[in-house]
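> Let me give you the structure first, and then I'll get to my questions.
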Amino acid sequence: MSFGERFLHYPDLFPARPAGEPWGEQTLSLNIAGPACFKGLNANQLEAARNRFGDSDSEIAADQPPVNVNVMQMEEEEYILFDRTGWEQSLDLDFLPDKVRIAAYNFIGLIQLQPKLEATLWTCDAGDEEFPSIFENFYRVLVAYQALERGGILLHSAGILLDGKAQICYGHSGAGKSTLTRLAVQSGHEILSDDLNLIVDLDEPQVRRIPFAGDFGRVPVGAEIHPLGGVFRLKQGENNREQLSPAVAFSSLIASSPFVNRDPYRYERVAEITEKLLSKFSPSQLTFSKQGGCWDLFSSNP
Amino acid sequence: MDTNTTQYKTCADVRFRVIAGEGVIIRQEIGEALVVNEVGASILKLLNEGVSTSKLIERIAQEFDVEEERLTLDVHRYLSELESANVVEKVA
Amino acid sequence: MQLSDLTRKFCNENILFSVLLELTYRCNLDCTFCYNDRSLKGTPFRFEHYKKLMEDLLQMGTLNISLSGGEPLAHPDFFRIGALAREMGFVTRVKTNGHALRSRLLERLKKEVDPYNLDLSLHGASAAVHDRQTQVPGSFERLMQNCAEMKAIGMRFRFNMPMTRWNENEISEVFDIVDLFETSINIDPVITSRDNGDKAPLSLSSSEAGMMKLSDLMGKRRKAQALKYGVSENTGNDIVIPQKKHCGSGSSTVTVDPYGNVYPCVQLRRAAGNLHKQSIRQIWEGSEVLDEVRELTVRVKEWTAEQGESCQKIGFCPGTALHETGSATKLYPQAEMRVTILDKKSVREEV
């Protein structure tokens with residue numbers, strides 16, 4: 001099945017440039033992996049997005065021009081309707097030399113990477129029930145690219161604060177991110193996110209709290225930032241920690257960098273940033289037991 | 001000869017307009033444009049309205065003040081010319 | 001009376017014969033020189049608005065409707081608008097880049113809209129050049145495949161090509177493509193600024209050598225066609241020059257943008273009114289802008305005659321002149337270049 005066929009009646013008509021009708025005149029400024037300014041929202045969309053993500057306009061420093069994101073109208077008839085019982089949103093991504101196209105249920109998106117980063121989100125949702133998830137699904141991809149541009153990396157991971165330091169436990173779906181997060185909450189530890197965490201400033205790696213999460217850590221955007229304490233590949237079993245070989249660490253980290261890891265045009269950049277992270281931290285494999293008792297492993301030597 | 005009960009209509013690919021008293025016929029299939037005079041334009045306009053040949057002759061006779069008998073032969077000849085040129089066809 | 005005589009009559013008597021509808025500025029390609037003002041805002045024209053407009057146009061005797069864009073197929077109501085135009089008996093042309101016109105979409109277009117013709121945008125004779133201009137990899141190959149499919153189902157099409165510095169060395173190969181599909185092409189040697197005044201596209205304007213080559217090649221093709229079909233070699237020009245006016249801008253044609261603004265033509269972007277506020281008949285009969293443009297085209301006709309034969313032959317566009325120089329009776333750089341070429345050619349022929 002070619003790009004967009006699952007979601008659009010005529011994917012060939014996918015717009016190659018940011019044009020169309022805005023929904024309204026509202027603007028929302030958010031800062032996750034850098035400032036982004038969403039333009040063209042209507043009042044309902046603004047409220048829905050603000051309730052979910054907050055509004056970090058005050059945080060945006062004047063020396064950082066925001067990434068402009070146009071929110072445009074698209075007709076419902078353009079999308080294929082299908083029964084979504086038991087279906088989980090998944091995105092079609094089309095990687096091109098200067099841009100990335102996104103097709104999904106009820107929205108399409110365009111992230112222009114060259115000559116400068118800007119984006120467009122087209123949706124048929126006027127700010128109803130599904131708008132926050134549409135907004136988030138699109139924004140996750142944008143954040144991955146914004147992080148990449150600024151030398152950071154988004155990781156599919158559970159982020160846990162231990163002694164003021166962020167421990168990033170990455171792994172594929174089913175590796176135990178949610179289980180570990182639940183154990184952390186039960187043990188009274190603070191959670192950053194149980195799904196996606198953002199590592200920035202790789203000269204002195206830090207973890208920024210971001211609002212992309214599953215059951216734990218769904219908080220609005222905040223300026224909260226923590227030093228990175230460690231990076232761990234997650235596995236369930238008997239409590240244990242062992243050093244990963246550099247090659248396994250490198251490949252498993254890339255495998256856990258959503259969206260950008262499939263982009264053939266940006267591979268070098270992803271690899272460069274991953275290597276930089278590995279030069280500061282040597283990831284271990286952290287095997288943890290559902291019964292708990294794994295917290296000492298974070299501070300022990302492998 | 002066709003009788004006055006025969007009904008014609010313009011062919012599916014034909015587009016027709018009366019503009020400033022002139023009839024413009026476009027045959028889309030072959031990209032041909034024809035221009036017909038005021039009487040021809042009136043005939044095609046009536047055909048487009050689904051009028052039968054006998055009614056058409058009656059209306060044209062009134063409009064241009066011509067005897068119906070004299071007009072009948074001319075209209076039939078004109079319609080068969082248009083039919084040969086694939087502008088009109090008989091309604092089945 | 002011939003249709004060409006009739007169109008002169010429509011132009012002289014201000015009869016609205018052809019209307020170009022820019023349905024949307026959305027597009028699935030991203031041509032470097034696109035003139036559309038994508039920042040333009042307003043209340044978008046939807047099916048109900050187009051229905052009312054077409055009903056009025058039918059009353060006014062309009063025959064031709066061109067559905068344009070952006071990419072017109074990207075308008076959510078495209079098929080309803082096209083089908084209604086067909087039902088109302090308009091001769092409908094669709095100006096499209098052809099990128100999406102394959103299989104199901106193509107079949108729908110043929111079945112539901114049955115356009116008189118498709119004007120397909122071609123930007124070169126190779127993927128390297130065409131795709132560079134559309135900024136969509138694979139668009140050349142796709143267009144060629146789609147053309148083959150169109151031909152197989154009997155969809156009539158011809159090509160439109162804006163000539164640029166990038167494709168001017170492929171003109172001969174472009175003609176090979178035209179011949180392969182047994183169709184025709186309209187090559188526009190003039191690249192204009194964007195409608196919002198941005199002059200960036202002008203840097204792609206074709207060179208004098210490119211224009212000279214085009215002129216020579218077209219001359220040769222006309223001669224070859226004259227020999228083949230036994231017709232006069234001077235009949236290859238598509239442009240009908242009316243008697244009293246230089247062109248039909250605001251006299252036999254108007255352009256409507258996606259927000260209902262009415263302009264005298266696609267090049268002359270002075271709004272004569274908005275269809276959300278007035279009917280097309282009210283604008284056509286009462287707009288001062290249209291009256292001014294009608295007078296202007298008479299003056300331009302006289303002015304080109306004063307400039308000499310070459311100026312009358314180049315397809316001088318008052319709208320482009322106004323846009324590029326601020327005056328409708330002033331040669332813009334590309335027109336000047338074409339006059340020079342024609343003058344040189346006529347000297348060469350005399351020698």
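A short reminder: the numbers here are calculations on the coordinates, not readings from a lab. Bear in mind the structure is a predicted one, so any value in this text is a computation, not a measurement. FYI the Cβ positions are ideal-geometry reconstructions off the backbone, even for glycines, and counts take in every protein chain you see.
> Is the C-alpha gyration tensor of segment A:11-149 telling us rounded, prolate or oblate? Criteria: a/c under 1.5 is rounded; beyond that, a/b larger than b/c is prolate, otherwise oblate. Write down the numbers at each step before the final one.
Values: a/c = 1.61, a/b = 1.23, b/c = 1.31.
Oblate, since a/c reaches 1.5 and b/c is not below a/b.
> With +1 assigned to the C-beta of every Lys and Arg and -1 to the C-beta of every Asp and Glu, and no other charges, what is the dipole magnitude of chain C about the Cα centre in debye, to the nearest 20?
420 debye
> Which order results if A:282, C:205, C:66, A:245 are arranged by neighbouring Cβ count within 10 Å, fewest first?
Going from least to most buried by this count: A:245, A:282, C:205, C:66.
> What percentages make up the Cα-Cα pair-distance distribution of chain C when the bins are 10 Å wide from 0?
5, 23, 34, 28, 8, 1, 0
> Using the Cα centre of segment C:132-199 as origin and beta-carbon charges of +1 (Lys, Arg) and -1 (Asp, Glu), tell me which of C:164, C:178, C:135 is placed farthest towards the positive end of the dipole.
It is C:135, whose Cα lies furthest towards the positive end.
> Can you compute the charge dipole magnitude of chain A about its Cα centre, using +1 on each Lys and Arg Cβ and -1 on each Asp and Glu Cβ, nothing else charged? Give it in debye, rounded to the nearest 20.
1060 debye
> What percent does the relative contact order of segment A:11-149 come to when contacts are Cα pairs within less than 8 Å and at least six residues apart? Before the final figure, lay out each step's value.
Numbers: 230 pairs, mean separation 34.0, N = 139.
Relative contact order for segment A:11-149 comes out at 24 percent.
> If you take every residue apart from residue C:202 with its C-beta less than 13 Å away from the C-beta of residue C:202, what net charge results, scoring Lys and Arg +1 and Asp and Glu -1? Intermediate values should be presented prior to the final figure.
Details: positive: C:165, C:194, C:199; negative: C:198, C:324.
Value of the local net charge: +1.
> Could you tell me the calculated FRET efficiency between residue A:238 and residue A:84, based on Cβ-Cβ distance and R0 = 35 angstrom, to the nearest 0.05?
0.35
> Next question. Among A:87, C:303, which comes first, then next, by fewest other beta-carbon atoms within 10 Å?
Ascending number of Cβ neighbours within 10 Å: A:87, C:303.
> Further, regarding this structure: Considering the dipole of the protein assembly as shown built from charges on the beta carbon (Lys and Arg +1, Asp and Glu -1) around the Cα centre, which of C:256, C:305, A:279 is farthest to its positive end?
Ranked along the dipole, the leading option is A:279.
> At q = 0.04 Å⁻¹, what log₁₀ I(q)/I(0) does a Debye calculation on the Cα points of the protein assembly as shown give, no solvent, two decimals?
Debye curve over Cα of the protein assembly as shown, log10 I(q)/I(0) at q = 0.04 Å⁻¹: -0.23.
> Dipole size in debye (nearest 20) for the protein assembly as shown around its Cα centre, Lys and Arg Cβ +1, Asp and Glu Cβ -1?
Here the protein assembly as shown has a charge dipole of around 960 debye.
> Also, quick follow-up: With only alpha-carbon atoms counted, please give the Rg and Dmax of chain B, in Å.
12.5, 37
> How tilted is helix B:38-48 with respect to the longest principal axis of chain B? Cα atoms for both, answer in degrees (0 to 90, nearest 10).
80 degrees
> Would you mind checking the tilt of helix A:246-255 against the longest principal axis of the Cα atoms of chain A, expressed as 0 to 90 degrees and rounded to 10?
So the inclination is approximately 30 degrees.
> Another question, if that's okay. What net charge do the residues around residue B:62 carry, taking every other residue with its C-beta under 12 Å from that of residue B:62, with Lys and Arg at +1 and Asp and Glu at -1?
Charge balance in the 12 Å sphere: -3.
> Ok, one more. Does segment A:149-215 come out rounded, prolate or oblate, given a ≥ b ≥ c as the square roots of the eigenvalues of its C-alpha gyration tensor, rounded meaning a/c under 1.5 and, failing that, prolate meaning a/b above b/c?
Oblate, because a/c is 1.5 or more while a/b does not exceed b/c.
> Less than 15 Å Cβ to Cβ from residue A:233, Lys/Arg counted +1 and Asp/Glu -1: what total charge do the surrounding residues give?
After counting each charged neighbour, the total is +2.
> Distances over 33 Å make up what percent of all Cα-Cα pairs in chain A?
Above the 33 Å cut-off, chain A has 24 percent of its Cα pairs.
> Another question about this same structure. Kirkwood hydrodynamic radius, segment A:153-298, all distinct C-alpha pairs: what's the number in Å?
Answer for segment A:153-298: a Kirkwood hydrodynamic radius of 15.1 Å.
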